[in-house]
Structures are given as structure tokens and as C-alpha cells.
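Worksheet for the structure shown next.
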Amino acid sequence: MTDKSVTTNLADAMAVEFERDLEKDKLPHAEIQKRITRSRERMLGAPVIIILNVDMTDMDVYPDEKRNKAEYLMAVQSIANAGMQMLLAAHAEGLGGVWVCSPLFVQETIQNILDLPKTWEPQGMFFLGHFQDIPEVRERKPLDTVVLRR
């Protein structure tokens, strides 16, 4: 998405559901408004937004729940892998990007606002653009602290 009117409509609709969920969490009103404002600013400030969706239409269907669940998880993992490749490609082009999982909480809303096919299940959303500031490279943990060798 690059159309600001579409992004604004989506941000507004998602904010309504986000507020409802935060109220259920019994957060103070000021904290709810702070989180909603941050969420909207991130969406509205992104020059490009990409929504990643799972579509099970062409996936295998099995007679048992276990394999059907595995097929669904494969599709979700494939979306995540494709998303990571997209972020790496954006980075290679000098762009900044961030993945957010908020679409998982408002799949139907996104489908309706964007007029997506009902078989498309929103999984993640990327905000892409140019860096305002280039972040410092974080110190990495030593490999031996994150790898189990046997």
C-alpha cells in the first residue's frame, strides 16, 4: 500500500479494535491512547506497507487433523521465510523495514478494508522506507552461548 487514504482507513479501523482489546486488558486510558497513537503514527509514517497473507487454496488437504495442521504451519512458515527474504532485499537496497504481527489480531478487518479474498489470511505487515537514523549494530552474543553442540 502506498495510498495514504487506504492506509488511513486501515489504521483507523485497526485502532478501534486495538482500543477494544486494550480496554479488555484493563489498561489505563492514557496508556491505551499512547499505544494507539504510536501504532497509527507508525502506519501513517510508512511510505510503503506490505501485508503478507496465507492462502490455503492450493495447499494439500489430508483426512486427518494432524497433517492438516502441519500443512497450515508450513504455509505460515513459508510466509515468514518470504517476509524475511523481502526484508533482506529491502535492506540490500538501502531501505529500512520492520515486521509487525498486528494483522493476526484483525484479519477480518484487514480483509474488509482492503477487499481481500476471504481465503487470504493476513499474517504480518511490513513498514518500509528510508532510514531516518541508521541504527547502531548491536553486539552479538558469542556463538557458543546460542548453539548447542553434541
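For the reader, a short list of remarks on this structure follows.
- Residue tally, condition buried (at least 17 other Cβ atoms within 10 Å of the Cβ) and of a type outside the set (G, A, S), over the stretch 2-18: 4
- Among the residues examined, R40 qualifies as in a helix (DSSP H, G or I), charged (D, E, K, R), under 19 Å from T8 (Cβ atoms) and in contact with a helix residue (DSSP H, G or I) (Cβ under 6 Å, 6 or more places away or on another chain).
- Residue within the stretch 46-55 that is over 17 Å from L128 (Cβ atoms) and modelled with pLDDT of 95 or more present: yes
- The set of residues from the stretch 117-139 being in contact with a strand residue (DSSP E or B) (Cβ under 7 Å, 6 or more places away or on another chain) and assigned to a loop (DSSP other than H, G, I, E, B) comprises T119, H130, F131.
- Which listed residue is surrounded by 10 or more Cβ atoms within 10 Å (Cβ to Cβ) and not aromatic (F, W, Y), from L143, L104, L148: L104
- Matching option when the condition is touching a strand residue (DSSP E or B) at 6+ places or on another chain (Cβ under 7 Å) and assigned to a loop (DSSP other than H, G, I, E, B), among T2, T7: T2
- Flag for A13 being small (G, A, S), under 21 Å from Q107 (Cβ atoms), in a helix (DSSP H, G or I) and at pLDDT 95 or above: yes
- Residue match in the stretch 95-111 (condition: over 12 Å from the mean Cα position of the chain (by Cα), without any contact (Cβ under 8 Å) to a residue 12 or more places away in the chain and part of a helix (DSSP H, G or I)): yes
- From K66, K34, K26, residue being loosely packed, with under 11 Cβ neighbours inside 10 Å and assigned to a helix (DSSP H, G or I): K66
The values are calculated or read from the model by the stated rules, or taken from the named source; none is laboratory data. Nothing here was measured: the structure is a model prediction, and the numbers come from that model. A quick note on method: Cβ atoms are made from the backbone with ideal geometry, for glycine too, and the neighbour counts reach across all protein chains shown.
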